[in-house]
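Scroll down for the structure; my scribbles are underneath it.
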Amino acid sequence: MAKQEIALNGRTQKIEVHPYEHHTRYYETDQMGVIHQTNYIKWLEDARMDLMEQMGLGYKQREQMQIICPLLSESINYITMIRFDETVVIETKVVKYDGHQMNLEYTILDKETNEVRATATSSHCFMNRSGRTISLNRIYPELDTTFFECK
């Protein structure tokens with residue numbers, strides 16, 4: 001848990017970044033009774049959106065600013081199986097940011113045992129609604145500061 005203080009839209013606010021938690025559901029399992037791998041991708045998106053929301057850059061805010069953040073690549077390393085009725089904690093970190101792109105790392109942990117169940121990475125770029133790549137540090141310097149604070 002990291003405490004951050006940022007200035008966004010002219011006001012200072014404190015941010016505490018908390019990991020995302022997910023309680024597994026029965027419909028997420030496969031015939032073997034373990035979580036199907038396609039669900040991990042959904043969980044990563046949920047964790048990423050949760051992080052962005054905590055940073056003050058949720059979907060609603062980005063929609064208003066005409067910023068989209070498409071996925072460029074994603075990779076998952078499955079370590080141990082996750083089953084129905086378990087709770088996982090997904091720690092999400094911004095590991096690289098240059099104004100045009102960001103790279104994230106995820107660690108999926110068993111909430112009860114703290115055992116690492118999977119690790120993942122994703123890369124994203126920033127674009128305007130027309131599909132052109134944008135530089136946050138030039139267009140929205142306050143957002144640029146936010147990313148460096150959370151790195």
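The values are calculated or read from the model by the stated rules, or taken from the named source; none is laboratory data. Since we're looking at a predicted model, the values are computed, not measured. Positions of Cβ are generated from backbone atoms using ideal geometry, with glycine treated the same way; all protein chains shown enter the neighbour counts. Accessible surface is based on the protein model in full, side chains and every heavy atom, while ligands, DNA and RNA are left aside. Shrake-Rupley method; radii C 1.70, N 1.55, O 1.52, S 1.80 Å.
Which of the residues belonging to segment 32-63 are within 22 Å of F84 (Cβ to Cβ) and among the polar types (S, T, N, Q)?
Result: Q37, T38, N39.
Tell me yes or no: at least one residue of segment 108-119 is assigned to a strand (DSSP E or B), modelled with pLDDT of 95 or more and open to solvent by 60 Å² or more (accessible area, probe 1.4 Å).
Scanning segment 108-119 turns up no residue that is assigned to a strand (DSSP E or B), modelled with pLDDT of 95 or more and open to solvent by 60 Å² or more (accessible area, probe 1.4 Å).
Within the bounds of segment 137-149, is there any residue that is part of a loop (DSSP other than H, G, I, E, B) and farther than 22 Å from D46 by Cβ?
There is at least one residue in segment 137-149 that is part of a loop (DSSP other than H, G, I, E, B) and farther than 22 Å from D46 by Cβ.
For segment 120-130, name all the residues that are within 18 Å of Q64 (Cβ to Cβ) and open to solvent by less than 50 Å² (accessible area, probe 1.4 Å).
Across segment 120-130, the qualifying residues are F126, M127, N128.
Conditions tested, residue by residue: (1) under 11 Å from T92 (Cβ atoms); (2) open to solvent by less than 60 Å² (accessible area, probe 1.4 Å).
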site: Y40; (1), (2): no, yes
site: W43; (1), (2): yes, yes
site: D46; (1), (2): yes, no
site: M52; (1), (2): yes, yes
site: I67; (1), (2): no, yes
site: L72; (1), (2): no, no
site: T80; (1), (2): no, yes
